[in-house]
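So the structure is just underneath, and the comments pick up after that.
The values are calculated or read from the model by the stated rules, or taken from the named source; none is laboratory data. Because the structure is predicted, anything quoted here is derived from the model rather than measured. Don't worry about glycine lacking a Cβ; one is built from the backbone with ideal geometry, like all the others, and counts go over all protein chains shown. Only protein heavy atoms, including side chains, enter the accessible area calculation; ligands, DNA and RNA are left aside. Shrake-Rupley method; radii C 1.70, N 1.55, O 1.52, S 1.80 Å.
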Amino acid sequence: MKNLVRFLTFVFCITVNAQTEIKKEYYPDGKIKSETPYVDGKKNGIEKSYYESGKTHWETPYLNDKLNGIIKGYSLN
């Protein structure tokens with residue numbers, strides 16, 4: 001049990017110390033074009049891109065800078 005607690009504490013400390021950010025791109029009119037989550041400089045999470053109308057265009061999942069899962073595409077309709 002002590003080893004499990006030590007391990008979970010270690011994982012928690014690494015997670016807390018990770019550098020996270022979301023990089024955003026914008027259309028010329030100022031509307032959001034895309035959002036990409038990064039952890040320690042690598043794509044991690046779901047990258048989202050948007051139509052100029054603001055509706056979601058693509059959702060692309062990443063893990064450690066590699067595609068990880070199913071890319072979802074949305075039509076304007």
Inter-residue pairs, beta-carbon under 7 Å, first over 18 Å from residue 73 (Cβ atoms) and in region 39-51, second among the aliphatic types (A, V, I, L, M) and not in a strand (DSSP E or B), 6+ apart: 39/18; 40/18
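Filtering region 31-49 down to residues that are part of a loop (DSSP other than H, G, I, E, B) and open to solvent by 50 Å² or more (accessible area, probe 1.4 Å), which residue is farthest from residue 70 (Cα to Cα)? Steps first, please.
Within region 31-49, the subset part of a loop (DSSP other than H, G, I, E, B) is 31, 40-41, 44.
Applying the additional criterion that residues be open to solvent by 50 Å² or more (accessible area, probe 1.4 Å) yields 31, 40-41.
Values: 31: 26, 40: 23, 41: 22 Å.
Going through the qualifying residues, I end up with 31.
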Test: residue in region 62-77 that is surrounded by 15 or more Cβ atoms within 10 Å (Cβ to Cβ) and of a type in the set (A, V, I, L, M, F, W, C): no
